[in-house]
Amino acid sequence: MKKNDIILLSVIFIVAMASYLTINYFKNANSLVDGVAVVYYLDKPVLEIKLADGSHEIINSEHATSLGNDKYSVTGKNGPVKIEYKNHQVRVYDEISPQHICRTQGWSSSQYSPITCLPNAVVIRIEVDKIDLDLPDDITG
């Protein structure tokens, strides 16, 4: 390799590492400890998990069930999609799909990294918890 090739590869490596670190910083900086993980099946919410304490609400018991110990099962197109809550985060730990894309996405607590399981038509989005507008805030007192 020539000197110019080494310089070019070094610049590409530095730019790639800076981009990777920037993306991870913003992903972690935008995680919501008090958000809600909303699980959708066919674009309809079936389960809500509060990230603050792990409490849950089953919206559609036909498609979602609690397995206990902060684990849940949602019926997908190919079979059950099993979801786990731990330390203010959620993940898919077991599912039936051709390439297991849902499982490899890992833990999420950020609005900017939803967990998508398209073969099963299941999506987990992290959303801001509902705000009670009747309570006074810092400005209105």
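So the values come out like this:
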| quantity | calculated |
| --- | --- |
| Cα centre as origin, Lys/Arg/Asp/Glu Cβ charges: segment 1-96 dipole, Debye | 520 debye |
| Residues with amide H under 5 Å from that of ASP94, placed H, sequence gap 5 or more | LYS82 |
| Lysine pair number, Cα distance threshold 29 Å (strictly under), the chain, separation 8 or more or different chains | 22 |
| ³J(HN,Hα), Karplus 6.51/-1.76/1.60, whole Hz, each residue of segment 95-104, x for Gly, Pro | 6, 10, 7, x, 10, 6, 5, 4, 5, 7 |
| Residue with peak Gaussian network fluctuation, the chain [Cα springs, cutoff 10 Å], from ALA37, ALA64, ALA52 | ALA52 |
| Accessible-area value, TYR20, 1.4 Å probe, nucleic acids and ligands omitted, Å² | 130 Å² |
| Candidates PRO119, PRO98, PRO45, ranked by Gaussian network fluctuation over the chain, Cα under 10 Å, top entry | PRO98 |
| Candidates ILE83, ILE115, ILE14: whichever shows maximal mean-square fluctuation once the chain is modelled as a Gaussian network with Cα springs under 10 Å | ILE14 |
| Of the trypsin sites (Lys or Arg not before Pro) in segment 1-60, those whose Cβ has at most 10 other Cβ within 10 Å and which sit in DSSP loop | LYS2 |
| Accessible area (Å², per residue) of segment 62-119, counting only protein heavy atoms and a probe of 1.4 Å | 55 Å² |
| Calculated from backbone phi, Karplus (6.51, -1.76, 1.60) coupling profile of segment 50-61 in Hz, x at Gly/Pro | 6, 6, 5, 10, x, 5, 9, 9, 8, 7, 10, 5 |
| Integer Hz, Karplus 6.51/-1.76/1.60 couplings in order for segment 113-120, x for Gly and Pro | 9, x, 9, 10, 10, 5, x, 9 |
| Whole-percent carbon and sulfur share, accessible surface of the chain, 1.4 Å | 56 percent |
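The values are calculated or read from the model by the stated rules, or taken from the named source; none is laboratory data. Everything numeric in this text was worked out from a predicted model, so none of it was measured. Please note: Cβ atoms are built from the backbone with ideal geometry, for glycine as well, and neighbour counts cover all protein chains shown. We work out accessible area using only protein heavy atoms, side chains counted, and drop any ligands, DNA or RNA first. Shrake-Rupley method; radii C 1.70, N 1.55, O 1.52, S 1.80 Å.
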